[in-house]
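The block underneath contains the structure these notes are about, expressed in structure tokens.
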Amino acid sequence: MRVALFLHLISAVVWVGGMFLAYVAVRPAVTEVLDPPQRLRTWVGIFRRFFLWVWAAVAVILLSGFAMLGEMPDAPRSALVMAVVGIVMAGIFFYIFIAPFSQLRQAVRAEDWQAGAAALGRIRQLVALNLTLGIINIGVAVLGPMF
């Protein structure tokens with residue numbers, strides 16, 4: 001159970017921490033210093049690398065989370081809330097990867113900067129949503145048993 005919890009937490013740190021870094025630090029810096037074509041190419045490279053880690057993190061989070069739930073015959077409500085929020089977050093990530101990220105890559109290949117900017121804007125909104133859900137889930141993990 002401790003190994004599952006460790007893997008679960010490390011994966012959450014990678015995913016939620018990566019979204020936080022991308023949203024509050026990388027995005028403003030890239031916007032300040034790069035022109036739109038370089039900015040969009042840079043984001044494709046960032047996401048291509050980060051999303052490999054997110055795929056692994058999502059798999060580990062879901063597997064370890066359900067393994068830990070299976071060890072708790074009377075799981076607290078907070079654990080069930082975390083599971084539901086985690087599944088929603090995974091679904092949002094899958095959508096980001098399948099739709100707007102694919103559109104961003106295609107737009108960059110075609111040098112269609114307007115379409116690329118639109119796809120990046122959708123990714124930004126969905127990452128903001130997932131970051132918020134991730135922070136809520138951390139709050140439920142820490143504060144949930146208190147209620």
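Only the coordinates and a few stated rules stand behind these numbers; no lab work does. Small disclaimer: the values here were computed from a predicted structure and weren't measured. Reconstructed Cβ throughout: ideal geometry from the backbone, glycine too, with neighbour counts over all protein chains shown.
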task = Quote the FRET efficiency, to the nearest 0.05, computed for VAL3 versus ASP112 with a Förster distance R0 of 30 Å and r equal to the Cβ-Cβ distance.
result = 0.05
query = Length gain on complete extension for the stretch VAL84 to VAL13, per 0.36 nm per residue less the alpha carbon to alpha carbon distance?
reply = 23.7 nm
remark   = Exposure proxy check on ASP112, ASP35: fewest-to-most Cβ neighbours within 10 Å is ASP35, ASP112
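Where does each of SER102, SER78 land when they are ranked from fewest to most other beta-carbon atoms within 10 angstrom?
Final ranking by Cβ density, sparse to dense: SER102, SER78.
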query = Which is farthest toward the positive dipole end of segment 2-146 among ILE92, ALA29, LEU9, measuring Cα position about the Cα centre, with Cβ charges +1 (Lys, Arg) and -1 (Asp, Glu)?
reply = ALA29
task = Can you tell me the alpha carbon radius of gyration of segment 82-147 divided by the globular rule-of-thumb value 2.2 N^0.38 Å?
result = 1.42
ask   = Under the Karplus relation 6.51 cos²θ - 1.76 cosθ + 1.60, θ = phi - 60°, what is the ordered set of whole-Hz ³J(HN,Hα) values for segment 33-38, x standing for Gly and Pro?
value = 10, 10, 6, x, x, 5
request  = Would you kindly calculate the translational diffusion coefficient of the chain, applying Stokes-Einstein with the Kirkwood radius from alpha carbon pairs, for 25 °C and a viscosity of 0.890 mPa s, and quote it in µm² s⁻¹ without decimals?
outcome  = 151 µm²/s
key: Between 0 and 90°, nearest 10: helix 2-21 axis offset from the chain longest Cα axis   = 30 degrees
note = Taking Cα pairs closer than 8 Å and at least 6 residues apart, the relative contact order of the chain in percent is 34 percent
ask   = Per residue of the chain, what 222 nm ellipticity follows from adding -39500 (n - 2.57) for every DSSP H run with n ≥ 4, rounded to the nearest 500?
value = -29500 deg cm²/dmol
task = Might you report the magnitude of the Cβ-based charge dipole of segment 2-146 about its Cα centre, with Lys and Arg at +1 and Asp and Glu at -1, to the nearest 20 debye?
result = 220 debye
